[in-house]
Amino acid sequence: MGVLFLVRHGQASFGTDDYDRLSDLGKEQSRITGSHLGAQSVHPVRVVHGQMLRQRQTAAGVIEGLGLQLETDIDPGWNEFNAWELTGALGETDPRAKHDSKIFQTVLERGCARWASGDFDTEYGETFSEFTDRVDGALDKAFSTMSSGEATIVVSSAGAISWTAARLLGGGFDQWMAFNRVTINTGITKIITGRNGTSLISFNDHGHLPPADVTYR
């Protein structure tokens, strides 16, 4: 049986000119996550992340927390969707969304619904179906490189992790959106695979974080 741990990136820099980098708290969340996994006797044979800086920085923090010397593998299949493209496609939106995470979430969900409808595919660099196919492929690839008894850690983002969980439960857009809405920074999703197939064991576990360090964006 192989075990896959999907870790959402740490808190990024929402409300700044460059969202795609971890805040100081995000870096600490990443180290805490690695220490927690190590304390649970998780010894990954590989750590994989997407191409985004926040994912790469989180992977580095997790490895530091684990106390291991590991090279990471990059798989662009774990990249996040382009949230700013989705919100921008709505036209004029509430300007407070750039700095207010709750308002941004409302706008983003409207953008996601429009994107997933399939009615405006020519307006996006990546369609919703292309996104889900990409993430499905990344999950399949992660499992194909694992042997029985091995553990792999993948650092990704809320959208990709939420889609993976929704897929494994047989859900669609509504399930994906519900998961996406509540994903915690450095929340851990655990998946196992073996002779009996692939199963979602837990989603978005964040018990390793002190309550004051729990963030959504």
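How would 195, 46 line up by accessible area, probe 1.4 Å, largest first?
Largest to smallest exposure gives the sequence 195, 46.
Please give the helix 128-144 orientation as an angle from the longest Cα principal axis of the chain, in degrees from 0 to 90, rounded to the nearest 10.
0 degrees
May I ask you to evaluate 6.51 cos²θ - 1.76 cosθ + 1.60, the Karplus curve with θ = phi - 60°, for each residue of the stretch 107-123 and list the ³J(HN,Hα) values in order in whole Hz, giving x for glycine and proline?
5, 4, 5, 4, x, 5, 5, 5, 4, 6, 5, x, 7, 10, 4, 5, 8
Given a 1.4 Å probe and every protein chain left where it sits, what share in percent of the accessible area of the chain is carbon and sulfur?
48 percent
What is the Cα coordinate range of the chain on the first, second and third principal axes, sorted by size from largest, in whole angstrom?
Projected onto the principal axes, the Cα atoms of the chain cover 50, 38, 27 Å.
Dipole of the stretch 51-162, Cα-centred, from +1 at each Lys and Arg C-beta and -1 at each Asp and Glu C-beta, to the nearest 20 debye?
Using only the charged Cβ atoms, the result is roughly 420 debye.
Antiparallel versus total DSSP beta bridges in the chain: what percent is that, nearest 5? Walk me through the numbers on the way to the answer.
Numbers: 13 of 26 bridges.
Bridges in the chain are about 50 percent antiparallel.
Could you give the size of the charge dipole of the chain about its Cα centre, using +1 on the Cβ of each K and R and -1 on the Cβ of each D and E, expressed in debye and rounded to the nearest 20? Intermediate values should be presented prior to the final figure.
Details: 19 positive and 27 negative charges, 131 e Å.
I would put it at about 620 debye.
If you find the alpha carbon centre of the stretch 1-55 and of the stretch 108-162, how far apart are they in angstrom?
Here the answer is 18 Å between Cα centres.
Just want the answer: with Cβ charges of +1 for Lys and Arg and -1 for Asp and Glu, which residue in 215, 159, 37 is farthest toward the dipole's positive end in the chain?
About the Cα centre, the residue reaching furthest to the positive side is 37.
What angle do you read, to the nearest 10 degrees and between 0 and 90, between the alpha-carbon axis of helix 53-66 and the longest principal axis of the chain?
For 53-66 against the chain, the angle is about 20 degrees.
Tilt of helix 158-168 relative to the longest C-alpha principal axis of the chain, in degrees (0 to 90, nearest 10)?
Helix 158-168 and the main axis of the chain meet at about 70 degrees.
Hey, could you grab the Kirkwood Rh for the stretch 37-145? Inverse mean 1/r over distinct alpha carbon pairs, Å, one decimal.
Mean inverse Cα-Cα distance, inverted, gives 16.2 Å.
Quick one: net charge around residue 120, please, counting Lys, Arg +1 and Asp, Glu -1 for every other residue with C-beta under 15 Å from its C-beta.
After counting each charged neighbour, the total is -4.
Quick one: how many lysine pairs in the chain have C-alpha atoms under 26 angstrom apart, if they're 8 or more apart or on different chains?
Close lysine pairs found across the chain: 4.
Tell me, what ³J(HN,Hα) does each residue in the stretch 195-209 have, in order and in whole Hz, if you take phi through Karplus 6.51 cos²θ - 1.76 cosθ + 1.60 with θ = phi - 60° and put x for Gly and Pro?
Going residue by residue, I get 4, 8, x, 10, 9, 7, 8, 8, 10, 6, 5, 9, x, 6, 8 Hz, with x marking Gly and Pro.
So how far apart, in nm, are the two label points at residue 1 and residue 181 if each is 7 Å from Cα heading toward Cβ?
The modelled label-to-label distance comes out at 3.2 nm.
How much accessible area per residue does the stretch 1-140 have, counting only protein heavy atoms and a probe of 1.4 Å, in square angstrom?
Result: 48 Å² per residue.
Run the dipole for the stretch 1-54 about the Cα centre, Lys and Arg Cβ at +1, Asp and Glu Cβ at -1, nothing else charged, and hand back the magnitude in debye, nearest 20.
240 debye
Name the long-range amide H neighbours of residue 79: under 5 Å, sequence gap of 5 or more, or other chain; modelled H, no Pro or chain starts.
It is 51, by chain and number.
The values are calculated or read from the model by the stated rules, or taken from the named source; none is laboratory data. Predicted, not measured: the structure shown is a model, and the values here were computed from it. Every residue, glycine among them, receives a Cβ derived from its backbone with ideal geometry; neighbour counts consider all protein chains shown. Side chains included, ligands, DNA and RNA excluded: accessible areas come from the protein's heavy atoms. Shrake-Rupley method; radii C 1.70, N 1.55, O 1.52, S 1.80 Å.
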